[in-house]
Amino acid sequence: MNYNKKSVEDIDVAGKRVLCRCDFNVPTKDGKITSDKRIVAALPTIQYLVKHGARVILCSHMGKPKNGPDPAFSLQVVAERLSELLGQPVKMAKDVVGESAQSLAASLKDGEVMLLENTRFEKGETKNDPELSKKLASMADIFVNDAFGTAHRAHASTAGVVQYAGLPAVCGYLIQKEISVMGKALADPERPFVAILGGAKVSDKLNVIANLLTKVDTLIIGGGMAYTFLAAKGYSVGKSLLDSEKIDYCREMMATAEKNGVKLLLPVDTTVADHFPDPIDGAIDVKVVDSDKIPDDMEGLDIGPKTMALYADAAKTAKTVVWNGPMGVFENPTLAKGTIAVAQALADSDAISIVGGGDSAAACEQLGFADRITHISTGGGASLEFLEGKELPGIACLMDR
Ligand code: ADP
Ligand code: MG
């Protein structure tokens, strides 16, 4: 995939109707926004469009409304908050592509901003329906995609408006940053290039490994996915997370690593307990064992101290580090040590550090390392597919530079 895409700065937006796909998928509770981070993150692109005289038609999905329009998923709350942040009115449409949206869009003046209702109120959105795509596109002259979190999905508002209606398409600042930082890391990384993988979605993430093994100098495995590798080495892993169907695949990956001259690091010790913490942040008795001595009735829940030192050393000597997935059950203070050690190593290093994955990003923020990481990706699934080397429809459809 070509990561060098045209951005809002590469086209003339003055007087043009610009359909801008944002990520306004904000968390809400009792009808109130509990974090406006994503709205704040969208401001630079919106402000650029406003300043340059575009007629700005914003759209986004929020949550997972299943049966058409539902007031509980209305973007009205987003319009209100955005209007405060922008310091100008944001006109809220009552629908996505209906009469209200169309007439508001038609009456928009240069520098004015409107917001369409939740794109998922339309069933055709997630089906990438050509008719819906054309209706959306008919309101605009230009498409700007700034929603990285949904860029791996071909939906009407993320790719259909270009695929079926041919709108000229560019990226906003958020997507531009994602693809420039991560694209460079994959295409032309400063070396040594180290990838650290962990987390619980074992089978999803195992697919990333094949691609990373063609790029990195060192691949570090921790978290829940490590135990399938340990099983592939012939160790018994007790009650630890295990994807038994992927053991052969892990064995293959170990052979590939050796063939490609990639150093593959697996935990040499692990922190175990006789049960998964319940509640997840509740007190828990743990002990540390070598990775080949996990008792049958115990479960591995974090990397051990020897492994922490090993991984931190590898991360510190890197020039580029990509990290996806916590090293252990970081939600529990007793089991967060491995994740903290890795986050600390990234924060201390001069390397270009890139963190992807919802929980890894949350861990960096909760643990207070976020401002010392070069780039925290805004897309969990999207960043993973990016690392897998897959083509992201919401990015592939944008004009090349
Ligand atoms: P991300 O969102 O960063 O992509 P995942 O969703 O794949 O990461 O995994 C995050 C989850 O993995 C966390 O909730 C964490 O508790 C869990 N986890 C990490 N290590 C283990 C382990 N050894 N056993 C069980 N769960 C684990
Ligand atoms: Mg997750």
Inset, instruction - Compute the long axis of helix 247-260 from its Cα atoms, compare it with the longest principal axis of the Cα atoms of the chain, and write down the angle in degrees, 0 to 90, nearest 10. - result: 90
Inset, instruction - Evaluate the distance, in nm, between pseudo-label points positioned 7 Å from the Cα of Asn207 and of Ala255 along their respective Cα→Cβ axes. - result: 2.3
Inset, instruction - Treating only the Cβ atoms of Lys and Arg (+1) and Asp and Glu (-1) as charged, compute the dipole magnitude of segment 190-344 about its Cα centre; round to the nearest 20 debye. - result: 740
Inset, instruction - Kindly put Phe330, Phe193 in sequence by how many other C-beta atoms sit within 10 Å of each C-beta, fewest to most. - result: Phe193, Phe330
Legend entry - Of Lys37/Lys134; Lys51/Lys134; Lys64/Lys215; Lys263/Lys293; Lys51/Lys135; Lys109/Lys184, pairs whose Cα-Cα distance is over 29 Å: Lys37/Lys134; Lys64/Lys215; Lys109/Lys184
Legend entry - Debye equation applied to the C-alpha atoms of the chain, log10 I(q)/I(0) at 0.07 Å⁻¹: -0.36
Inset, instruction - Take the Cα gyration tensor of segment 155-208, multiply each eigenvalue by 5, square-root it, and list the three semi-axes largest first, rounded to whole angstrom. - result: 29, 18, 9
Legend entry - Residues of segment 75-110 with amide N under 20 Å of a point placed 7 Å along Cα→Cβ from Ala14: 108-110
Inset, instruction - Place +1 on the Cβ of every Lys and Arg and -1 on the Cβ of every Asp and Glu in the chain, take the dipole about the Cα centre, and give the residue among Leu197, Cys171, Thr256 whose Cα lies farthest towards its positive end. - result: Cys171
Inset, instruction - With a point put 7 Å past each Cα toward its Cβ, work out how far Asp281 is from Leu86 in nm, to one decimal. - result: 3.6
Legend entry - Tail fraction, Cα-Cα pairs, segment 320-401, threshold 21 Å, whole percent: 33
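Using the Kirkwood formula on the Cα atoms of segment 1-97, what hydrodynamic radius do you get, in angstrom to one decimal? Each step should come with its number before you reach the end.
On the way: mean 1/r = 0.0681 Å⁻¹.
One over the average 1/r among Cα pairs gives 14.7 Å for segment 1-97.
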Legend entry - Straight-distance crosslink candidates among aspartates and glutamates, where the alpha carbon sits under 12 Å from Lys233 and sequence neighbours closer than 8 are dropped: Asp248, Glu252, Asp292
Legend entry - Relative exposure of Met298, Met225, judged by other C-beta atoms within 10 Å (fewest first): Met298, Met225
Inset, instruction - Rounded to the nearest 10 degrees, what's the angle between the helix 76-86 long axis and the longest principal axis of the chain, both from Cα atoms, 0 to 90? - result: 90
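Give me the percent of Cα-Cα pairs in segment 200-265 that sit more than 13 Å apart, rounded to a whole number. Display every interim value, and only then the final one.
Numbers: 1266 of 2145 pairs.
So the portion of pairs separated by more than 13 Å is 59 percent.
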Inset, instruction - Take the alpha carbon atoms of segment 270-331, find their center, do the same for segment 49-109, and report the distance between the two centers in whole angstrom. - result: 45
Inset, instruction - Please determine, in degrees from 0 to 90 and to the nearest 10, the orientation of helix 37-51 with respect to the longest principal axis defined by the Cα atoms of the chain, where the helix direction is its Cα long axis. - result: 40
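Taken together, the values in this text are just the output of simple stated rules run on the coordinates, not laboratory data. As the structure is a computational prediction, the values presented were derived from the model and not from experiment. Backbone-built Cβ (ideal geometry, glycine too); neighbour counts: all protein chains shown.
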